[in-house]
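Derivation of every value follows stated rules applied to the coordinates shown; laboratory data play no part. Keep in mind the model is a prediction, meaning the values are calculated, not measured. Note that each Cβ is placed from the backbone with ideal geometry, even for glycine, and that neighbours are counted across all protein chains shown.
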Amino acid sequence: MKAIRQKLTIWSAMALMALLPLSAIAKVPEWIDSPDKSGFPLWVSAQAAVPEGQLRAEIFPEATLESLERSLDRIKTYRTRTDDNGKLTQSGNTCVVWSVVNSQPALSPRTTLGRFLDASVEVYSGTITDLAQGFLDGFPGTVLEIAVDNSFKDRSKNTPHRIYVHFQYAEIPIGDEVLCARSSRYPDLPTVDQKILVFQRSRTNRPILHAFDVEIVYAGADGKIASPPEFDIPERDITEIEESLLAHR
């Protein structure tokens with residue numbers, strides 16, 4: 001009877017998980033150790049890095065911490081700037097965007113999906129199950145957790161069930177300031193339960209794909225397809241794009 005009860009409990013849990021939305025099942029980890037065993041995190045969520053609005057200085061390498069502090073100083077200088085009469089020219093929290101240089105080769109203009117499928121080391125389709133703001137290698141951004149539905153390159157049985165992708169978007173309150181990151185390639189941040197395509201440009205053994213390692217395609221807030229500006233996409237939605245990729249494969 002005990003074994004039967006255990007099986008029923010397992011089956012009940014599985015049935016409950018099937019009924020729950022994907023976003024209720026998975027979560028982006030708060031902390032992932034760096035592969036170089038430095039003791040610093042590869043990824044740390046904003047919740048873990050900035051408890052009660054104060055930056056935990058001890059979890060960042062010295063050079064990264066200095067860069068973050070300089071950014072916060074610039075934000076404060078901008079926010080508290082006054083005119084000749086001593087009146088504030090800015091009010092409230094003001095974002096100063098943190099930007100980094102992409103080392104990946106530039107895409108050719110009007111790149112077709114088929115051409116980029118051929119050039120990518122892996123292409124996944126899936127659903128965003130969770131997202132969290134934080135710091136990847138000390139850079140502010142958002143990590144998307146994606147439940148993989150299909151792989152368009154990997155024909156083995158080793159396709160991961162989930163992948164993590166870094167997206168250049170953040171608004172992280174630290175003290176009186178807000179540290180920001182924005183992508184110049186995409187109009188807005190994808191959302192949970194949204195379908196997404198991930199084109200992986202280079203191989204990596206890191207548990208999170210950096211924003212510079214991938215290009216993504218998803219439906220923007222306005223319902224239109226959001227993609228890199230170089231992409232030439234005549235398809236009207238993600239389903240049509242998947243069908244085109246399958247036909248090309």
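Miscellaneous remarks
- Taking 0.36 nm per residue of separation and subtracting the current Cα-Cα distance, fully stretching the chain between Gln47 and Trp31 would add 4.8 nm.
- Global geometry of the range 195-246, whether rounded, prolate or oblate, following the gyration tensor of its Cα atoms and the 1.5 cut on a/c: prolate
- The number of Lys pairs in the range 25-248 with C-alpha atoms less than 21 Å apart, excluding pairs fewer than 8 positions apart on the same chain, is 4.
- Whole-number percent relative contact order across the range 25-248, with pairs defined as alpha carbons under 8 Å at least 6 apart: 21
- Taking a ≥ b ≥ c as the square roots of the eigenvalues of the Cα gyration tensor, the range 25-248 is prolate, since a/c reaches 1.5 or more and a/b is larger than b/c.
- 3J(HN,Hα) couplings calculated from phi for the range 229-243 with the Karplus curve 6.51 cos²θ - 1.76 cosθ + 1.60 (θ = phi - 60°) are, in sequence order, x, 7, 6, 9, 10, x, 5, 8, 8, 4, 4, 5, 5, 4, 5 Hz; Gly and Pro show x.
- Between amide H atoms placed 1.01 Å from N, distances below 5 Å from Asp154 occur with Val123, all of them 5 or more places distant or on a separate chain.
- Taking amide H positions as modeled 1.01 Å from N, with prolines and chain starts lacking one, the residues under 5 Å from Leu42 and 5 or more places away or on another chain are Ile32, Asp33, Ser34.
- Net lengthening on full extension, Val121/Leu65 (0.36 nm per residue, minus Cα-Cα): 16.8 nm
- Anisotropy class of the range 151-249 from Cα gyration tensor, a/c 1.5 cut: oblate
- Summing Cβ point charges (Lys, Arg +1; Asp, Glu -1) relative to the Cα centre of the range 25-248 gives a dipole of roughly 300 debye.
- Electrostatic bookkeeping for Ser227 treats Lys and Arg as +1 and Asp and Glu as -1; over the other residues with beta carbon under 11 Å from its beta carbon, the sum is -2.
- On the basis of the beta-carbon distance and an R0 of 22 Å, Arg206 and Asp154 show a calculated FRET efficiency of 0.80.
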